[in-house]
Structures are given as structure tokens and as C-alpha cells.
Amino acid sequence: MSTIPALLGGRPVFVTKIPIVRPFLPDKASLDEGIQEMLSSGMVTKGRYLQAFEEAVARHLGVKHAVGVSSCTSGLMLTYQSLGLSGEVVVPSFTFMATVGALVWNGLHPVYADVNPGTTDLDPTAVASAITPQTSAIVGVHNFGNPAEIDALQEIARQRGVKLIFDAAHGFGALYQGKPVGAQADAQVFSLSPTKLLIAGEGGIVATNDDNLAEKIRIGREYGNSGSYDSAFAGLNARLSEFNALLGLRSLDMLEEAAATRNQTVDLYHEVLGGIPGIGFQEVLPGNRNAYKDFSITIDPDIFGLTR
Ligand SMILES: Cc1ncc(COP(=O)(O)O)c(C=O)c1O
């Protein structure tokens, strides 16, 4: 093996490129029966697999309601709308665009608070000083699958009388103080797209213990139709199809293996890269497990000798 990185002219170790994201998917045999049943029954949406998936996710997370939606983005849009947020919402300055895009769709004003550079999650002190009388909510993110400081944020939300929501897009497979992230706060909204640990192809889950919120999300994902065909409010078509729900259900069986494998791989990276000056890792707080939807490193160019 060359001691000079290929980037600097050394011999590449691998001939072919290594995909940085390869979805961990169930095999075809585990899906065959369900697909056959959908095709012969004609129930390709709003059927038994969505119900079974929602029930299994709620059990896994230890939460009262898990509502399947078409994506995390639509789940966030409906959650912000259903909680009746207004004015300003505090969000992390480091997140994916959908956390904030869904606020803008609701006419809400994002106020950015810094993240802790170690954990890369919202810094509770920065959140406390970003809150004003116009603030109606805080939205946290479990960045790359690293659980946010949920208790500290919950305490600030309680003291200041605002809602607490998590964009938990990266959250499946993460443990907060030994329990899955998902049952805490007013709502947590997950993504099921192929870069995540729990995969439905496309899709999302809104997890909440709030009966009223869950009911509104169910109506909101159906255009705002509460069943009578009178419009309760302006909703979306944000349903999760039966095919996606079936894939999600089988993927849930593999979630623990996916999380364990990623953590073992990260341990190996820490071992191999940990001694190199100028390379830093995401900090996971004691008692938590990062899902490692992504494994990221930081580079201090002055110490490492190269930029990222
Ligand atoms: C933090 C965050 N929020 C929201 C989303 C959007 O998820 P979806 O593609 O399911 O709408 C993503 C996508 O990866 C994300 O990283």
C-alpha cells in the first residue's frame, strides 16, 4: 500500500469507486408475498401494510402514534401547520434545507441558533438566547443520527411556553439515554428515504403522543378531508403507499443490524484515523447511540496539512 494518498499522486488502493451511500435493503423473497397480495387484492394504498407498519413503528419507538406520510418534508409541513405555529421558530444553523423549507411553506420565520461544534446539534444556550416573545417553537435535529440534547431543549421549551419538535430525518437507529429517539417532545418527524437506516423507498413518519396532533396529521395527509368530504383545512396528498409501507416494515426488521454494523464500522474508523493529527469526529454524548446515517470528519487544515 502506498504511503502517499492517491489525492497527492500515490497509487489508489481501490480500482473501482466505493459508493459513499449504499442502502441496506431487504431481499426480494421477503417482499414477494406482500406484493402479490397487494396486486391481487387491488389495495395499493391505504391498506393493511400501512397500518401494520405504523403499529410496528409505534411499538418500536414506544410512542402512542406513528403516522405514515409521503416524506419527512411533508410530515414537517403538516406538523408545523397542525400545531398552529406562528411568528418565529428557532432552528439549527447547520441542517438540511427541508427543516427550514417546511417552515417557510407555513409562512413562519426561521431564527437560526448555533450548533455545538462537537455534537453538531443545537446548542441549548444559543437556543435560549434566540427566543423572543414572537417565538412559537423550537425545531431540533439529530444531525447525522446523533441524538440532540432533548432534555435540555425540552426544559427551555417548557419554561418559555413554546413547542418542541424534532426533525428526526436521520433518527431511526439512534438511542437517547438507551431508548429510541421518537417518543420525546411534541413530535418527531422521520425520513424513510434510501440514505437512512430505515428505508421505505420514499416516505416519512410523524411520531407523537398527542392524540389531537396525530388526528390532524391523518386528515392533513388526505387533503384536509376528515371523511365527510367537507374540507377541514388545506391539506396535502401526503400518503405513504402500500409498497413503500411494506418495504418499511421489512426494513424495520433489519434496523438493529444496520445500526450495530454502522457503529462497528465507525469504531474501526476511529481506531484507524484517530491517531492522525488534525482529524476530528462527531461527539456522541454519554448514554446515547448515534445512528450514523452519515459518518463525518472535521479537518483542521493547519494541523492536518491539507484542506478537506
Ligand atoms: C435533516 C433533514 N430533514 C429533512 C429531510 C427531508 O427528508 P425527505 O427526503 O424524506 O423529505 C432530510 C433529507 O435527507 C434531512 O436530511
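The values are calculated or read from the model by the stated rules, or taken from the named source; none is laboratory data. If you're wondering where the values come from, they're calculated on a predicted model, not measured in any experiment. Positions of Cβ are generated from backbone atoms using ideal geometry, with glycine treated the same way; all protein chains shown enter the neighbour counts.
All but one of (1) more than 16 Å from the ligand (Cβ to nearest atom); (2) part of a helix (DSSP H, G or I); (3) closer than 30 Å to I138 by Cα hold for Q81; which doesn't?
Among (1) more than 16 Å from the ligand (Cβ to nearest atom); (2) part of a helix (DSSP H, G or I); (3) closer than 30 Å to I138 by Cα, the lone unmet condition for Q81 is (1).
For the stretch 142-153, give me each residue that is assigned to a loop (DSSP other than H, G, I, E, B) and in contact with a Phe, Trp or Tyr (Cβ under 9 Å, 6 or more places away or on another chain).
H142, N146, P147, A148
Restricting the stretch 118-141 to residues that are without any contact (Cβ under 8 Å) to a residue 40 or more places away in the chain and not in a helix (DSSP H, G or I), which is farthest from S74 (Cα to Cα)?
Applying the filter and picking the extreme gives P133.
Name the pairs: first residue in the stretch 173-184 and on the phi < 0 side of the Ramachandran plot, second residue of a type in the set (D, E, K, R), Cβ to Cβ under 8 Å, at least 6 apart or on different chains?
Within 8 Å, the pairs are A174/R289; L175/R289.
S231 versus (1) closer than 24 Å to V189 by Cβ; (2) within 22 Å of the chain's Cα centre (by Cα): which is the lone unmet condition?
(2)
If you scan the stretch 89-115, which residues turn out to be within 12 Å of the ligand (Cβ to nearest atom), out of contact with any strand residue (DSSP E or B) (no Cβ under 9 Å at 6 or more places or on another chain) and either among the aliphatic types (A, V, I, L, M) or on the phi > 0 side of the Ramachandran plot (or both)?
Answer for the stretch 89-115, where residues must be within 12 Å of the ligand (Cβ to nearest atom), out of contact with any strand residue (DSSP E or B) (no Cβ under 9 Å at 6 or more places or on another chain) and either among the aliphatic types (A, V, I, L, M) or on the phi > 0 side of the Ramachandran plot (or both): just M97.
Check G118 against each of (1) buried (at least 19 other Cβ atoms within 10 Å of the Cβ); (2) more than 16 Å from the ligand (Cβ to nearest atom); (3) of a type in the set (G, A, S); (4) under 17 Å from P286 (Cα atoms) and name the one condition it does not meet.
Failed condition: (1).
Which one of S30, S86 is outside any helix (DSSP H, G or I) and either farther than 14 Å from R218 by Cα or more than 16 Å from the ligand (Cβ to nearest atom) (or both)?
On inspection, the qualifying residue turns out to be S86.
Taking S40 and the conditions (1) of a type outside the set (V, I, T); (2) loosely packed, with under 13 Cβ neighbours inside 10 Å; (3) modelled with pLDDT under 95; (4) under 17 Å from L246 (Cβ atoms), which numbered condition does it fall short on, given that it satisfies the others?
All conditions pass for S40, except number (3).
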